[in-house]
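Okay, structure first, notes after.
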Amino acid sequence: MAIRNIREYGDEVLTKPCKEVTEMTPRIRELIEDMLETMYEANGVGLAAPQVGVLKRIVVIDTTGEDPYILINPRIVESSGEQTGNEGCLSLPGKTGVVTRPNYVKAVALDSQMKPFELEGTELLARAICHELDHLDGHMYVEKVEGELQNVTYDEEGE
Ligand code: NI
């Protein structure tokens, strides 16, 4: 495993749509392991493959620090409610901004064995799912920020 360089806002790779994963390969397995290590090292709760420069539809999310979700080719199939709160991104270190997201989402994805599964989340997990899936279509939370970006305080985490 290795920690990969996190691409920052302004890097063109973060604006491009990602391609679906069609089969699990040793290279993709290594990418996923590296994404997890990179996310944990940066104290993030989520990371999308384009953030490490790879245009594939893969995200990792861990909002509890205990149990990571690996989502390949994820899609949101249901959402409801609304939450408005601070959001950050490992590709925009030191910044945070207010974004409104659904309070509940259900996503379908493939796991690391390429088996389909469903992931339901509320609050932070719902927010992280929306945030990471946006990355796969070349979007960042700054496009949705209400008001100005703020400088982050020490206890906030990035996605
Ligand atoms: Ni992000």
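Hey, can you tell me all the residues within the range 34-55 that are open to solvent by 10 Å² or more (accessible area, probe 1.4 Å), outside any loop (DSSP other than H, G, I, E, B) and within 18 Å of residue 20 (Cα to Cα)?
Passing the criteria: only 52.
If the Cβ limit is 7 Å and pairs must be 6+ apart or interchain, which residue in the range 132-154 that is under 25 Å from residue 70 (Cα atoms) pairs with which residue that is more than 12 Å from the ligand (Cβ to nearest atom) and among the basic types (Lys, Arg)?
136/57; 138/16
Listed here are the residues, each with its yes/no results for (1) out of contact with any His (no Cβ under 8 Å at 6 or more places or on another chain); (2) over 18 Å from residue 15 (Cβ atoms).
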site	(1), (2)
48	no, no
51	no, no
85	yes, yes
90	yes, no
98	yes, yes
102	yes, yes
114	yes, yes
118	yes, yes
133	yes, no
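Mind listing whichever residues of the range 17-33 are in a loop (DSSP other than H, G, I, E, B) and open to solvent by less than 30 Å² (accessible area, probe 1.4 Å)?
18, 21, listed by residue number.
Mind listing whichever residues of the range 106-149 are more than 16 Å from the ligand (Cβ to nearest atom), open to solvent by 90 Å² or more (accessible area, probe 1.4 Å) and either in a loop (DSSP other than H, G, I, E, B) or over 24 Å from residue 31 (Cα atoms) (or both)?
Passing the criteria: 113, 115, 120, 123, 148.
Out of the range 63-100, which residues are touching a Gly at 6+ places or on another chain (Cβ under 8 Å) and away from the ligand (no atom under 14 Å from the Cβ)?
98
Applying the selection to the range 56-86, what residues are open to solvent by less than 60 Å² (accessible area, probe 1.4 Å) and either closer than 12 Å to residue 44 by Cβ or of a type in the set (Lys, Arg) (or both)?
Within the range 56-86, 57, 59, 60, 61, 62, 63, 65, 68 meet the criteria.
Output the qualifying pairs, or none if there are none: Cβ atoms under 6 angstrom, residues six or more apart or on different chains, first residue in the range 26-53 and under 12 Å from residue 65 (Cα atoms), second residue assigned to a helix (DSSP H, G or I).
From the range 26-53, the pairs are 45/128; 46/128; 46/132.
From 8, 37, which residue is modelled with pLDDT of 95 or more and more than 15 Å from the ligand (Cβ to nearest atom)?
None of the others qualify; the one that does is 37.
Just checking, how many residues over the range 125-146 are out of contact with any strand residue (DSSP E or B) (no Cβ under 9 Å at 6 or more places or on another chain) and not acidic (Asp, Glu)?
Qualifying residue count, the range 125-146: 3.
The values are calculated or read from the model by the stated rules, or taken from the named source; none is laboratory data. None of the values given here were measured: they were computed from a predicted structure. Note: ideal-geometry Cβ built from the backbone for every residue, glycine included; neighbour counts use all protein chains shown. Heads up: the accessible areas ignore ligands, DNA and RNA and are worked out on the full protein's heavy atoms, side chains in. Shrake-Rupley method; radii C 1.70, N 1.55, O 1.52, S 1.80 Å.
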